[in-house]
Number of protein chains: 2
Amino acid sequence: MPDIKHFDPDATLETVVRLFWRQGVASTGIQDVVTATGLNRSSLYATFGGKQELYFAALRRYLEQRSQPMFRRLAEDERGLPAVSEFFAGLIEARCSGEYAQWGCMVSNAHAGVENSDPKVRDVLDQHHRELREAMYAALVTAERQDQLAPGADPGASADLLALLAYGVNLRSRAGADAASLRKTVAAALGSLGVRAAA
Amino acid sequence: MPDIKHFDPDATLETVVRLFWRQGVASTGIQDVVTATGLNRSSLYATFGGKQELYFAALRRYLEQRSQPMFRRLAEDERGLPAVSEFFAGLIEARCSGEYAQWGCMVSNAHAGVENSDPKVRDVLDQHHRELREAMYAALVTAERQDQLAPGADPGASADLLALLAYGVNLRSRAGADAASLRKTVAAALGSLGVRAAA
DNA sequence: GCCATCCTGAAATAAGGATTCCAAGATACT
DNA sequence: AGTATCTTGGAATCCTTATTTCAGGATGGC
């Protein structure tokens, strides 16, 4: 009966993610998407709908494919503070060097743009924040069980703090902040939480 | 000889600041500026140049009129930790309620957009960060002199941390984060620095 | 091999973007 | 008052935008 798709929607969406991630939604035209994906306008609209829906699909994909795996790894790491330390080390590495250097975080970027006026987008932002905070909280509770936290340190409040700190890292790295100084800042934050600074 | 301007460039620029602050540069058209300021395209271009120059002038004005006064007040406050605490209280208040609620910080927003690809813009972002950090540092050194800091707390590293935390507050508040939870997070951060949580 | 069904390509549409131009009006010095 | 100089309003320019349309090509069950 019908013809089948002549392209891979998933690979296409991944290309679109990178476009919106780097340039934001307002500065990315459909023409950019057409050029980057190599497929046709008609196929784009037929598969994903308009620009707004395309952006939303890309944002969701970023959350699921990029953010959540990191959150899961953090939450399930049983080492406590070293897990948190490693999370930030990986974050800073990814933000400051390699293919995605100075791209920031697509979700963090979405906070600052007009994207966030769409309620569905805002839901994704809130979900991202909630999941980041809870992963951090899980790691800190694990740390507390292993007596890695300074007396009086509250895992809940500390999770909030470290989550916000991650947004700061994402933002500043997009403007070219130095990886070394970001690492030092994170180390200081973790040092103030733990009985001893975590490697 | 010449005619004089029939409008106040300074008041106009303030209007433009609010446009770019709220919507970003990519989503704000010259038509929006014309409508909001009430003046004519010709006058706009003759006075400020094109859109990019207009945005840059607005960004500088934001830094000078909005950010730097806050930084100065923080740096010159002799109370130590209560000065830092009050800085964040005012920040959260301004970001979450009143005229500019959910607008975020124009400089923080610029980090996430394509604005930051302009080297001149990036210089402003760096200057903003440097001045924020140094104001924070000055307040923390004052706090240290008054024995308000926990033993082993480093004012330099803590200044870095609190500066990044401010970006996190700016970002999350733009997406509608709750003022109360932001306050709690900041309180926890300051509590981990001081011998006792500052009011 | 047929045909309904979908995909594809490229052009067409309609709206909006930034920027420029020019004639008309206002100014302040001589 | 005259005039050179600037400002102003509004139209005009040219480019880019998102979205739609449609004719033709490919597909797979019958």
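The values are calculated or read from the model by the stated rules, or taken from the named source; none is laboratory data. Given the structure is predicted, the values throughout are model-derived calculations rather than measurements. Cβ atoms come from the backbone with ideal geometry, glycine included; neighbour counts cover every protein chain shown.
Data overview
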| quantity | calculated |
| --- | --- |
| Exclusive hit being more than 18 Å from the chain's Cα centre (by Cα) and assigned to a helix (DSSP H, G or I), set B:Leu171, B:Leu190, B:Leu165, B:Leu182 | B:Leu190 |
| Residue list for region B:103-126, filter: of a type in the set (Gly, Ala, Ser) and touching a helix residue (DSSP H, G or I) at 6+ places or on another chain (Cβ under 8 Å) | B:Gly104, B:Ser108, B:Ala110, B:Ala112, B:Gly113 |
| Residue within region A:82-92 that is within 18 Å of B:Val114 (Cβ to Cβ) and either surrounded by fewer than 18 Cβ atoms within 10 Å (Cβ to Cβ) or within 14 Å of DNA strand C (Cβ to nearest atom) (or both) present | no |
| Scope region B:35-49; condition surrounded by 12 or more Cβ atoms within 10 Å (Cβ to Cβ) and more than 9 Å from DNA strand D (Cβ to nearest atom); matching residues | B:Ala36, B:Thr37, B:Phe48, B:Gly49 |
| Selection within region B:1-17 - more than 8 Å from DNA strand C (Cβ to nearest atom) and either more than 26 Å from B:Val114 (Cβ to Cβ) or within 14 Å of another protein chain (Cβ to nearest Cβ) (or both) | B:Lys5, B:Phe7, B:Asp8, B:Pro9, B:Asp10, B:Ala11 |
| Filter result for B:Asn109 (within 11 Å of chain A (Cβ to nearest Cβ), in a helix (DSSP H, G or I) and over 15 Å from B:Ser173 (Cα atoms)) | no |
| All positions within region B:60-74 that are of a type outside the set (A, V, I, L, M) and surrounded by 19 or more Cβ atoms within 10 Å (Cβ to Cβ) | B:Tyr62, B:Ser67, B:Phe71 |
| Check on A:Glu134, more than 17 Å from the chain's Cα centre (by Cα), acidic (Asp, Glu), part of a helix (DSSP H, G or I) and farther than 23 Å from B:Trp21 by Cα | no |
| Residues that are within 11 Å of chain A (Cβ to nearest Cβ) and crowded, with 20+ Cβ neighbours inside 10 Å, drawn from region B:134-156 | B:Leu149 |
| Number of the condition not met by B:Gly29 [criteria: (1) within 14 Å of another protein chain (Cβ to nearest Cβ); (2) more than 13 Å from DNA strand D (Cβ to nearest atom)] | (2) |
| Selection count, region A:50-89, where residues are more than 16 Å from DNA strand D (Cβ to nearest atom) and either among the basic types (Lys, Arg) or within 20 Å of A:Glu14 (Cβ to Cβ) (or both) | 15 |
| Index of the failed condition, B:Arg79 passing every other in (1) assigned to a helix (DSSP H, G or I); (2) farther than 24 Å from A:Ala110 by Cα | (1) |
| Odd one out for A:Ser108, checked against (1) in contact (Cβ under 8 Å) with a residue 40 or more places away in the chain; (2) over 30 Å from B:Gly29 (Cβ atoms); (3) buried (at least 24 other Cβ atoms within 10 Å of the Cβ) | (2) |
| Subset of region B:116-131 (residues that are buried (at least 16 other Cβ atoms within 10 Å of the Cβ) and part of a helix (DSSP H, G or I)) | B:Asn116, B:Val121, B:Arg122, B:Val124, B:Leu125, B:His128, B:His129, B:Glu131 |
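So that you can scan it fast, the table gives a plain yes or no per residue for (1) within 14 Å of DNA strand C (Cβ to nearest atom); (2) modelled with pLDDT under 95; (3) surrounded by 14 or more Cβ atoms within 10 Å (Cβ to Cβ); (4) more than 14 Å from every other protein chain (Cβ to nearest Cβ):
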| position | (1), (2), (3), (4) |
| --- | --- |
| A:Leu19 | no, no, yes, no |
| A:Val25 | no, no, yes, no |
| A:Val33 | yes, no, yes, yes |
| A:Ala58 | no, no, yes, yes |
| A:Glu76 | no, no, no, yes |
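Matching residues to (1) of a type outside the set (Ser, Thr, Tyr); (2) touching a Pro at 6+ places or on another chain (Cβ under 9 Å):
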site: B:Cys96; (1), (2): yes, no
site: B:Glu99; (1), (2): yes, no
site: B:Gly113; (1), (2): yes, no
site: B:Ser117; (1), (2): no, no
site: B:Val124; (1), (2): yes, no
site: B:Met136; (1), (2): yes, yes
site: B:Ala150; (1), (2): yes, no
site: B:Asp154; (1), (2): yes, no
